[in-house]
Amino acid sequence: MASSDQDDHHKAMGSHSGLPPLDISVAFPQATPASVFPPSSSDYYQLDDLLSPEEQTLRKRVRDVMEKEVAPIMAVYWEKAEFPFHVIPKLATLSIAGGTIKGYGCPGLSITASAIATAEVARVDASCSTFILVHSSLAMLTIALCGSDAQKVKYLSSLAKFDTVACWALTEPDYGSDASSLRTTATKVSGGWVLDGQKRWIGNSTFADVLIVFARNTSTNQINGFIVKKGTPGLRVTKIENKIGLRIVQNGDIILSKVFVPDEDRLPGVNSFQDTSKVLAVSRVMVAWQPIGISMGVFDMCNRYLKERKQFGAPLAAFQINQEKLVRMLGNIQAMLLVGWRLCKLYESGKMTAGQASLGKAWTSLKARETVSLGRELLGGNGILADFLVAKAFCDLEPIFTYEGTYDINSMVTAREITGIASFKPAVLGRSSRL
């Protein structure tokens, strides 16, 4: 090809490539995108009647802020896998960080109120709910349940106002479900402790001001907890890239190389792995409400979409098969809501067991998978676009199905409770086995 022909070819190609995409409302005017969030329509059995006036007020406040402040920008930040830091002050106005913690500037909510808030955040954006859960139900709660009075005074008020952000570092590259076998070490030295090791999948860690780190005491061989501050020498955090779910959440790899932690920042209430269970019992209830909220948002989106979108001269809502799928989604949500509500009441009465919390998280995440998959079918081609929420929710649900105990691990926790037999470690085959 001659030089002038090549130039003409490149010019022609340039005029047809690199154009900005059409705004979704222009490209597809027949249905409203999730940036204008649909009204709530999933509380078919009127769970709201079971809530106190304070819980109802909180639910409305969270819903209003999420629909107004987060819904318009969530797809953009999800696509970029970046965190919208300008939203944090808006989330602070909700007064939900710290959840059930009383005093120290925390809201002292009922666990039901905290759960409802979790669902309302997740209804609009699962990543925002995970950000809050890690910060509040894991990191802050660990300080509240396992920290000294001085630590509570020093850290909780700032965290409750989101003036500072926290993360919770338990999982390691070699130890996920088997977290009690973690290898990060804590060695006692004059005036404090030296931490060495590696953590992975730690949400909020790339920008957290306060890191709750669990390590194995080299003297006792037990798990201890420590408060590590951002910028401490030897602390290195890098972002995990290429996630397909919860893309707004900034998960990180943490490397601790001779990180010194003063005695005053060792959590006195963490002396074995079992001491983390009282934190995980509450956080597992909260995580059980995330799939509920995600399913609510997907149902609301599908309900509106089916009424707006027309094919064969009729709205999609007029077709029997679509109606059946929508009702199946609605039924799942009612069941999930009632399981979640009962779990909260068991906790508030002091009757909840670890197995009940695990069953709640495992079952709601399983039913949410089914519910969101039905929503994906209902939206057809638009079901793979984050603009219409369902595709984003479909992907966001996958890490939730796994974290805070996988479906299988939580099932085994419940099974151990009802059978009295633990099945976490496989039986070793004898040498005489014929298999």
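The values are calculated or read from the model by the stated rules, or taken from the named source; none is laboratory data. The structure presented is a predicted model; accordingly, all values stated were derived computationally and were not measured. Here the Cβ is made from the backbone with ideal geometry for all residues, glycine too, and neighbour counts use every protein chain on show. Areas reflect the complete protein model, heavy atoms only, side chains present, ligands, DNA and RNA absent. Shrake-Rupley method; radii C 1.70, N 1.55, O 1.52, S 1.80 Å.
Being over 21 Å from residue 60 (Cβ atoms) and either assigned to a loop (DSSP other than H, G, I, E, B) or among the small types (Gly, Ala, Ser) (or both) is the filter here, so list the residues in the stretch 82-118 that pass it.
Passing the criteria: 82, 83, 84, 101, 103, 104, 105.
Being touching a residue at least 12 places away in the same chain (Cβ under 8 Å), among the basic types (Lys, Arg), part of a helix (DSSP H, G or I) and touching a Gly at 6+ places or on another chain (Cβ under 7 Å), is that true of even one residue in the stretch 119-141?
yes
Scan the stretch 319-332 and report the pairs whose first residue is free of Cβ contacts under 8 Å to residues at least 40 places away in the same chain and whose second residue is open to solvent by less than 40 Å² (accessible area, probe 1.4 Å) and assigned to a helix (DSSP H, G or I), with Cβ atoms within less than 9 Å and a gap of 6+ or a chain change.
319/306; 323/306; 323/317; 332/295; 332/299; 332/368; 332/371; 332/374
Quick one: residue 153 ticks every box in (1) among the β-branched types (Val, Ile, Thr); (2) over 22 Å from residue 299 (Cα atoms); (3) within 15 Å of the chain's Cα centre (by Cα) except a single one, so which number is it?
(3)
Residue by residue through the stretch 254-268, note down the ones that are in contact (Cβ under 8 Å) with a residue 60 or more places away in the chain and either more than 20 Å from residue 166 (Cβ to Cβ) or open to solvent by 30 Å² or more (accessible area, probe 1.4 Å) (or both).
257, 258, 260, 262, 263, 264, 266, 268
Return the residue satisfying two criteria in turn: it lies in the stretch 333-377 and is without any contact (Cβ under 8 Å) to a residue 40 or more places away in the chain, among the small types (Gly, Ala, Ser) and assigned to a helix (DSSP H, G or I), and of such residues it is farthest from residue 118 (Cα to Cα).
Restricting to residues being without any contact (Cβ under 8 Å) to a residue 40 or more places away in the chain, among the small types (Gly, Ala, Ser) and assigned to a helix (DSSP H, G or I), the top hit is 373.
Test residue 271 against the criterion of being outside any helix (DSSP H, G or I), out of contact with any strand residue (DSSP E or B) (no Cβ under 6 Å at 6 or more places or on another chain) and either open to solvent by less than 60 Å² (accessible area, probe 1.4 Å) or over 18 Å from residue 372 (Cβ atoms) (or both), and give yes or no.
Judged against the criteria, residue 271 is a match.
Select from the stretch 383-424 the residues that are of a type in the set (Asp, Glu) and in a helix (DSSP H, G or I) and write down the one among them that is nearest to residue 36 (Cα to Cα).
387
Go through 43, 49 for me and flag whichever is under 17 Å from residue 334 (Cα atoms), open to solvent by less than 90 Å² (accessible area, probe 1.4 Å) and of a type in the set (D, E, K, R).
43
Would you call residue 190 over 30 Å from residue 77 (Cα atoms) and free of Cβ contacts under 8 Å to residues at least 60 places away in the same chain?
In short, yes.
Checking the conditions here, which among 371, 364 is modelled with pLDDT of 95 or more, closer than 30 Å to residue 30 by Cα and among the polar types (S, T, N, Q)?
371
Could you tell me whether any residue of the stretch 158-174 is in a helix (DSSP H, G or I) and open to solvent by 40 Å² or more (accessible area, probe 1.4 Å)?
Within the stretch 158-174 (the criterion being in a helix (DSSP H, G or I) and open to solvent by 40 Å² or more (accessible area, probe 1.4 Å)), the answer is no, since none of the residues qualifies.
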